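The values are calculated or read from the model by the stated rules, or taken from the named source; none is laboratory data. Because the structure is predicted, anything quoted here is derived from the model rather than measured. Glycine gets a Cβ as well: all are built from the backbone with ideal geometry, and neighbour counts include every protein chain shown. Each accessible area value is taken on the protein alone, full model and side chains, heavy atoms only, with ligands, DNA and RNA left out. Shrake-Rupley method; radii C 1.70, N 1.55, O 1.52, S 1.80 Å.
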Amino acid sequence: MAKPRIKHYLINEKYEDPGIVIEIDTLGEYILFDVGNIRRLDRHLIRKITKLFVTHTHMDHFIGFDTLLRNKLGKEQTVEVFGISPLAENVYCKLQGYTWNLVEFEPRIVFNLKQYNNGLFEYYSYDIKKKFARDFIKEEKADPDIIYENEYYRVRYAVLDHKIPVMGYSFEYKDRLLLKKDSIKDLPLKGREIGEFKKFLEDESNAGRSFTIGGKEYSWEELREKYSYIQEGIKISYVTDVVFSEENLEKIIRLVKNSDVLYCEAVFLSEDREQASKVYHLTTDQTAYIAKEAGVKKLVVFHFSRRYAGRRNQIIEEIKEIFPNVE
């Protein structure tokens, strides 16, 4: 069956600031992974951003927060922000870089932030009506794997080494049970009844039970096979600014394993492995090795060093020697 209709792409060209967009039109959700230079994005899209996952706050991953904020003004909304400490402090400093003396006339904008900090999830809120004061909400023991989850998708994370702790992310849109339109129209069900029928089929604990339609009982197994199908989800992973170490390698492969698409940096050519290690980045062959070992279906590389201007084909060819399905 076809994958869900989810649009995803790099924000910038491969030599420019890292970051990807995931658009889920059916849910009205638009997500950024990293927020470097985002001026290339349409302002109407920026205004629709609902969630922001930040790997770390080096300038090329975070400078676009100002652009995001500027385009958010004038529309009431809440934006959820996720990342790793000191993200809460960095967001606060960004917001306090401006004067907010006319906020009583502004629509309410709230940034709700969740950050990982030494085994804890810390929650903060920044409300324009409070001049974006940093309100501490709570802290709790961190889930070791998932930083966000709703009915439709989850975002997994791994804490990786870039000489500072950074986050790697994996977006997983869940498998969904859908009704076969051609078959369902023959049933004497309407409106709310169809919704209840779908919920019955979705719940696997109903196996062995029956559902009454038109005065006749049908088994869960029979109805599920005849009137529904499972739409497989999609896994999109995003990893950047990491050193090729044994610890990182183990964490990354676990995080991105079997991804439909892995977006991963390839900053240096293999000949410059020593320089890559010195500045805690990956080389082409290291990125390709990760993709191969993790069994990903497709690799999209980015964050090329500007020293290789005009050598883009060489970068891609080096990767293809190890992992052929690379964009």
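Tabulated data for the structure shown
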item	result
Close Lys-Lys pairs in segment 248-327, where close means Cα under 18 Å and separation is 8 or more or interchain	7
Exposure rank, largest accessible area first [MET59, MET167; 1.4 Å]	MET59, MET167
Whole-number percent relative contact order across segment 169-327, with pairs defined as alpha carbons under 8 Å at least 6 apart	21
Segment 274-327 - Rg and Dmax from Cα coordinates, angstrom	11.1, 30
Cβ-defined net charge surrounding LYS180, 13 Å radius [Lys, Arg +1; Asp, Glu -1]	+2
Computed accessible area, LYS94, all protein chains, 1.4 angstrom probe, square angstrom	40
Counting all C-alpha pairs of segment 1-154, share separated by more than 27 Å (%)	23
Straight-distance crosslink candidates among aspartates and glutamates, where the alpha carbon sits under 19 Å from LYS14 and sequence neighbours closer than 8 are dropped	ASP34, ASP42, ASP60, ASP241, GLU265, ASP272, ASP285, GLU317, GLU318, GLU327
Estimated [θ] at 222 nm from DSSP helical runs (n ≥ 4, -39500 (n - 2.57)) normalised by residues in the chain, nearest 500	-7000 deg cm²/dmol
Sequence of LEU73, LEU32 when ordered by accessible area, the most exposed leading, probe 1.4 angstrom	LEU73, LEU32
Cross-link reach list, lysines versus LYS181, counting only Cα pairs under 28 Å and skipping chain neighbours closer than eight places	LYS3, LYS7, LYS190, LYS198, LYS199, LYS216, LYS226, LYS235
Rounded accessible area of ILE46 (nearest 10 Å², 1.4 Å probe)	10
Total formal charge among the other residues, if their Cβ is under 12 angstrom from that of LYS278, Lys/Arg +1 and Asp/Glu -1	0
Which of CYS93, CYS264 is most accessible, then next, and so on - probe 1.4 Å	CYS93, CYS264
Model label zone, GLU321; criterion: amide N under 20 Å from point 7 Å along Cα-to-beta-carbon; scope segment 292-313	292-294, 299-302, 304-305, 307-313
Percent of C-alpha pairs per 5 Å bin, segment 155-223, short to long	3, 12, 19, 18, 10, 6, 6, 7, 6, 6, 5, 2, 1, 0
Taking segment 133-206 and dividing mean pair separation by its residue count, relative contact order in percent (alpha carbons under 8 Å, at least six apart)	17
Rounded D (µm²/s) - segment 41-83, Kirkwood Rh over Cα pairs, Stokes-Einstein at 20 °C, 1.002 mPa s	195
Mean Cα-pair separation over length for the chain, i.e. relative contact order, pairs under 8 Å, 6 or more apart, %	13
Solvent-accessible surface (1.4 angstrom probe) belonging to HIS44, in square angstrom, nearest 10	110
